Amino acid sequence: MRTRILLFILPTLAALFLLVAPGVAADSRTKTEYMVKAAYLYNFLDFVEWPYEPVADIQKPYHICILGKNPFSGITEKMTDKRIRHRKVAVHSISSVEELKECHLLYISSSERDALPQILHALKSKSVLTVSDMQNFVNQGGMIGFVNQSGTIRFEINTKAAQQTGLTISSYLLKLARIIVTDR
């Protein structure tokens, strides 16, 4: 378990150093920020249980989908074919909610801010882990929201939103997060 927690702490420490280091260009800081967020997306898959999946599905990959403008361009491609719990990881960019048939985790880009209520409503009955870095994402019904606290990437979790779709978030992940409970 210590290794799992280190997978979250080490990227955060590296990002903190690079985000606050003098002389680091803004583009480099942004890329580093999204490298850390991509590492979190990958690791979230290991700390979430989806509702029962038939044995045949174990051979299928975990799908990370990115809705809207992709801030991870050139980063998430490195995740493809890596494994979580003996399953490969596949990353897809999608342009609408209708395309997320096999998604386990959906990252909702800030470019989709105006459509967020409709997106979250369309996902209410689906067991898809929703993640974003939009401000107040979890208060609007999203499950995991990235927040920048003094140059460190942290995350908030809306446990109620996850429970309503049948997802179970590991206590190890919950210990690292700020817990938000909303009526949405």
Looking at the structure I just gave you, is Lys160 charged (D, E, K, R) and out of contact with any helix residue (DSSP H, G or I) (no Cβ under 9 Å at 6 or more places or on another chain)? yes
Within region 83-112, tally of residues that are farther than 10 Å from Cys65 by Cβ and surrounded by 15 or more Cβ atoms within 10 Å (Cβ to Cβ): 6
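Conditions (1) touching a Pro at 6+ places or on another chain (Cβ under 6 Å); (2) over 24 Å from Thr32 (Cβ atoms); (3) in a helix (DSSP H, G or I), marked per residue:
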site	(1), (2), (3)
Lys78	no, no, yes
Glu98	no, yes, yes
Cys103	no, yes, no
Leu106	no, no, no
Gln118	no, yes, yes
Complete set of residues in region 120-167 that are hydroxyl-bearing (Ser, Thr, Tyr), in contact with a Ser or Thr (Cβ under 8 Å, 6 or more places away or on another chain) and over 22 Å from Glu102 (Cα atoms): Thr152
Among the residues of region 135-151, is there at least one that is modelled with pLDDT under 95, touching a Leu at 6+ places or on another chain (Cβ under 8 Å) and surrounded by fewer than 17 Cβ atoms within 10 Å (Cβ to Cβ)? yes
For region 84-105, pairs from a residue that is in contact (Cβ under 8 Å) with a residue 60 or more places away in the chain to a residue that is among the hydrophobic types (A, V, I, L, M, F, W, C) and assigned to a loop (DSSP other than H, G, I, E, B), with Cβ under 9 Å and 6 or more apart or across chains, are Leu105/Val128
Residue match in region 120-128 (condition: within 13 Å of the chain's Cα centre (by Cα), closer than 22 Å to Gln164 by Cα and assigned to a loop (DSSP other than H, G, I, E, B)): yes
Looking only at residues in region 63-82 that are farther than 22 Å from Leu123 by Cα, open to solvent by 90 Å² or more (accessible area, probe 1.4 Å) and not acidic (Asp, Glu), which one is modelled with the lowest pLDDT? Lys78
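Working only within region 152-161, note down all residues that are exposed (fewer than 15 other Cβ atoms within 10 Å of the Cβ) and of a type in the set (D, E, K, R).
Of everything in region 152-161, nothing turns out to be exposed (fewer than 15 other Cβ atoms within 10 Å of the Cβ) and of a type in the set (D, E, K, R).
Out of region 170-184, which residues are under 16 Å from Ser132 (Cβ atoms) and in contact (Cβ under 8 Å) with a residue 60 or more places away in the chain?
Of everything in region 170-184, just one residue is under 16 Å from Ser132 (Cβ atoms) and in contact (Cβ under 8 Å) with a residue 60 or more places away in the chain, namely Arg184.
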Taking only region 139-178 into account, find how many residues are part of a helix (DSSP H, G or I) and under 22 Å from Trp50 (Cβ atoms). 12
Return the total of residues in region 106-145 being among the aromatic types (Phe, Trp, Tyr) and under 19 Å from Ser93 (Cα atoms). 1
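Return yes or no: is Glu49 modelled with pLDDT under 95, under 22 Å from Asn158 (Cβ atoms) and not polar (S, T, N, Q)? Walk me through how you get there before you give the answer.
Working: modelled with pLDDT under 95: yes; under 22 Å from Asn158 (Cβ atoms): yes; not polar (S, T, N, Q): yes.
Spelling it out, Glu49 is indeed modelled with pLDDT under 95, under 22 Å from Asn158 (Cβ atoms) and not polar (S, T, N, Q).
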Checking Gln164 against (1) within 16 Å of the chain's Cα centre (by Cα); (2) open to solvent by 80 Å² or more (accessible area, probe 1.4 Å): exactly one of these is not met. Which one? (1)
Every residue from region 123-134 that is open to solvent by 30 Å² or more (accessible area, probe 1.4 Å) and among the polar types (S, T, N, Q): Ser125, Ser127
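The values are calculated or read from the model by the stated rules, or taken from the named source; none is laboratory data. Predicted model only: the values in this text are computed from it and were never measured. Glycine gets a Cβ as well: all are built from the backbone with ideal geometry, and neighbour counts include every protein chain shown. Note: accessible area is taken over every heavy atom of the protein model, side chains too, but ligands, DNA and RNA are not part of it. Shrake-Rupley method; radii C 1.70, N 1.55, O 1.52, S 1.80 Å.
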